[in-house]
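See structure below.
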Amino acid sequence: MKKQVEAVQDKIDFSGAVLAKGENTEYRAAYGYADRENKISNNVETRFGIASGCKLFTAIAVSQLAEKGQLDLNGKLEIYLDFEFPHFDDSITIHHLLTHTSGVPDYFDEDEMDDFEALWDDTPMYSLRSLKDFIPLFDDRKMKFSPGDRFHYNNAGYILLGLVVESVSGMAFEDYVEKYVFSRAGMNSSGYFSFDQLPGNVATGYIELEDGSWKSNIYSLPVKGGADGGAFITVDDMDRLWEALMANMLLDQEYTALLLEPHAQEDDTSFYGYGVWIDKKAETIEKYHVMGYDPGVSFHSAYYPGSKTRLTVCANQSEGAYDIMETIEDVMDDNKI
């Protein structure tokens, strides 16, 4: 595996960290620089931003509250939030939001926009420090479609879910996740960190420019991540998350199965559960996976139920994680891992 990964790394100049771990394999490595200016290398304990990869954490938090009987997954959004959304359909449920089938307007809709940085033309990224700060970006927009009509990936829906977690639990969203998800899973290096208060051993995200130079992503993303994306993790912590989830340490067996159930369908082989993508071949689930892309961030992580192998690839650049993941998956297939 090392030979194949390093060949791809050399080809694409990959910068990040990798961990593949299972009953028959373990491979970990780090490449490139966490700090290009000062030539500080990435290491296997470096913390990386994972963009939308942490929607799974939000889904786990919501499911925990449902398991405790504190909210109803089929309950309407308006029961849990008192914000004014003048154009929202009153039939939107928590389930709709978890499965990207709600039809709520998104603050970054990929059907309408292709430049994430354009969001900050009117709203300074340094002003977005809590979930409620995102509300003005989409609260007065019209519904995209009726709830339940179809699947359409949506970031604003997960902002709303984070606000539901805050409303029901009485805790700040990031505090809830760090206490009831990260801590339970042993993810002691992970957290929702502000760009202007980063702890040690965090990789700077880099964006490659047309002339081949690089700039950091500090002015390209909200100053602090939240329920739709932006946590920082290590590859080992993500591995611990998969282990804890599959061992019913974060949710009981019933709610773990519900989270991992294919609820919505994107295409013939790709489905979505609660915060997690699900790839099926015929009736067999081949992998559960999460991914995240932001300027200066690319991330892929998966659990393969057939072999019980976990794979995590974090990159502090806009591309690269998928190439490394695909290479390792090919090796796993060849070796029947």
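The values are calculated or read from the model by the stated rules, or taken from the named source; none is laboratory data. Just so you know, these numbers come straight off a predicted model, no measurement behind them. Ideal geometry is used to build each Cβ from the backbone, glycine not excepted, and the neighbour counts take in all protein chains shown.
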Positions within the stretch 131-142 being in a loop (DSSP other than H, G, I, E, B) and crowded, with 16+ Cβ neighbours inside 10 Å, in sequence order: Phe138, Asp139, Arg141
Count of residues meeting criterion [over 30 Å from Val165 (Cβ atoms) and not aliphatic (A, V, I, L, M)] in the stretch 1-59: 28
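Can you pull out every residue in the stretch 164-195 that is free of Cβ contacts under 8 Å to residues at least 12 places away in the same chain and part of a helix (DSSP H, G or I)?
So in the stretch 164-195, the residues free of Cβ contacts under 8 Å to residues at least 12 places away in the same chain come out as 170-171, 175, 179, 183.
Answer for the stretch 164-195, where residues must be free of Cβ contacts under 8 Å to residues at least 12 places away in the same chain and part of a helix (DSSP H, G or I): Asp175, Lys179, Ser183.
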From the options Glu174, Glu208, residue that is of a type in the set (Asp, Glu) and closer than 26 Å to Asp139 by Cβ: Glu174
Search result, residues across the stretch 190-219 that are surrounded by fewer than 20 Cβ atoms within 10 Å (Cβ to Cβ) and of a type in the set (S, T, N, Q): Ser194, Gln197, Asn201, Ser213, Ser216
Qualifying residues in the stretch 64-105 (those that are acidic (Asp, Glu) and part of a loop (DSSP other than H, G, I, E, B)) - the one modelled with the highest pLDDT: Asp72
Residue under evaluation Tyr274, criteria (1) touching a strand residue (DSSP E or B) at 6+ places or on another chain (Cβ under 8 Å); (2) part of a loop (DSSP other than H, G, I, E, B); (3) at pLDDT 95 or above, criterion not met: (1)
Residue that is surrounded by the most Cβ atoms within 10 Å (Cβ to Cβ), among those in the stretch 153-179 that are touching a His at 6+ places or on another chain (Cβ under 9 Å) and either more than 14 Å from Ile135 (Cβ to Cβ) or hydrophobic (A, V, I, L, M, F, W, C) (or both): Asn154
Some residue of the stretch 17-31 being without any contact (Cβ under 8 Å) to a residue 60 or more places away in the chain, buried (at least 19 other Cβ atoms within 10 Å of the Cβ), among the aromatic types (Phe, Trp, Tyr) and in a strand (DSSP E or B): yes
